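Below is one structure; the comments refer to it alone.
The values are calculated or read from the model by the stated rules, or taken from the named source; none is laboratory data. For clarity, every value in this text was computed on a predicted model and none was experimentally measured. Cβ sites come from the backbone with ideal geometry, for glycine too, and all protein chains shown count toward neighbours. Just so you know, the surface numbers come from the protein's heavy atoms only, side chains and all, with ligands and any DNA or RNA stripped out. Shrake-Rupley method; radii C 1.70, N 1.55, O 1.52, S 1.80 Å.
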Amino acid sequence: MAIIECVGLTKTFDDVDAVCDVNLRIPDSGGIIGLLGPNGSGKTTLIKLLAGLLTPSEGVVRIAGRSVGVETKSIVAYLSDFHFLNDKYTIAQQIEYYADFFPDFNREKAERMTKGLGMRLTQKIRGLSKGTKEKLALVLTLSRNAKVYLLDEPIAGVDPAAREYVLQAILANKNKDATLVISTHLISEIEKYFDYVVMLKEGRVAMNGYTEEIRAEQGKTIDELFREVFRWTI
C-alpha cells in the first residue's frame, strides 16, 4: 500500500492550476520525502491537499489508502509555512494547548525537545526570534504520534549555523515508521537525508523517484538536477 497516492490531482485558483494532473505513488517506507521546487511551483498547495486543508478541483488524493478527510486527520501532522503560535503564551502554555487539542500529543517529548534546542519553557513566545519560533512550531508538530508528517519549509528561517542541528533533531525525534515530507528549496544542505524526491515545476511533477536511483541514473546530485530542471525559473 502506498503511504501517499495522487491520481490526476489538480487544484485551480481563479482559472490558474496551482497543482496540475499530479500522479504519484509513494510506497509506505517510513522514509523522508523531499518535495522540491522554487516559489510558486505548487509545493504548499500540494502539502495542503495532503493535509486536507484544501479540496481538489479534480482527481484523488489518499493517505495510507484512505481518502484525505476526517479519517486521515488523526494520522497526519502538518507544519505550515506561516506563524501560528500564540504570542501571549509562554512555551509551556503553548505545549499545554497542543496537549489539550491533540489526543496523540506527547507532552514529555515536546518539553525534552524544546530544552534540547535551547528554549526555556518559561519564555514568552512574543519575545522569541523568527528562527526560534520556527523551531518551536517544529517541536510541536513532531511531538504528535502521527504516521505522516508534512513540513512546509521547516528550516527556511533557521540560522544556517543551526540548520544541521535542527535537521538532526528532526531525524532523532520522528516516529521510526512514520513518513516525513519536507518541502524545501535548500537542496544542497538537506538532500543527503532524502530517501525519495518529488520535483514540482509550475504545478506539475517534473521528476520523482528514489534518491539513490536518480543519482545513479543521472550521475549528478539532486541539487545539480534541481538547478537544471529550474534553470529558467530560479
Tabulated pairs, the range 210-227, first more than 16 Å from L200 (Cβ to Cβ), second surrounded by 13 or more Cβ atoms within 10 Å (Cβ to Cβ) and of a type in the set (S, T, Y), C-beta under 6 angstrom, 6+ apart or interchain:
Y210/Y196
Which numbered condition K115 fails, given (1) under 23 Å from I47 (Cβ atoms); (2) open to solvent by 40 Å² or more (accessible area, probe 1.4 Å)
(1)
Only one of V16, V60 is farther than 19 Å from Y196 by Cβ, free of Cβ contacts under 8 Å to residues at least 12 places away in the same chain, open to solvent by 40 Å² or more (accessible area, probe 1.4 Å) and among the aliphatic types (A, V, I, L, M), namely V16
Applying the selection to the range 160-171, what residues are open to solvent by 60 Å² or more (accessible area, probe 1.4 Å) and closer than 27 Å to E228 by Cβ?
P160, E164
Determine whether Y89 is closer than 20 Å to L142 by Cα, hydroxyl-bearing (S, T, Y), open to solvent by 20 Å² or more (accessible area, probe 1.4 Å) and touching a residue at least 24 places away in the same chain (Cβ under 8 Å).
yes
Tell me, which residue of the range 1-12 that is modelled with pLDDT under 95 and surrounded by fewer than 21 Cβ atoms within 10 Å (Cβ to Cβ) is nearest to G203 (Cα to Cα)?
A2
Determine which member of the set G40, G31 is surrounded by fewer than 15 Cβ atoms within 10 Å (Cβ to Cβ) and either under 23 Å from E191 (Cα atoms) or touching a residue at least 12 places away in the same chain (Cβ under 8 Å) (or both).
G40
Give me a count of the residues in the range 130-187 that are within 21 Å of Q94 (Cβ to Cβ), among the hydrophobic types (A, V, I, L, M, F, W, C) and in contact with a helix residue (DSSP H, G or I) (Cβ under 8 Å, 6 or more places away or on another chain).
14
Among the candidates A169, A216, residue that is hydrophobic (A, V, I, L, M, F, W, C), modelled with pLDDT of 85 or more and out of contact with any strand residue (DSSP E or B) (no Cβ under 9 Å at 6 or more places or on another chain)
A216
For the range 120-134, does any single residue satisfy the condition of being among the basic types (K, R), open to solvent by 30 Å² or more (accessible area, probe 1.4 Å), touching a strand residue (DSSP E or B) at 6+ places or on another chain (Cβ under 8 Å) and touching a residue at least 24 places away in the same chain (Cβ under 8 Å)?
yes
So which of L151, L140 is part of a strand (DSSP E or B) and either open to solvent by 30 Å² or more (accessible area, probe 1.4 Å) or at negative phi (or both)?
L151
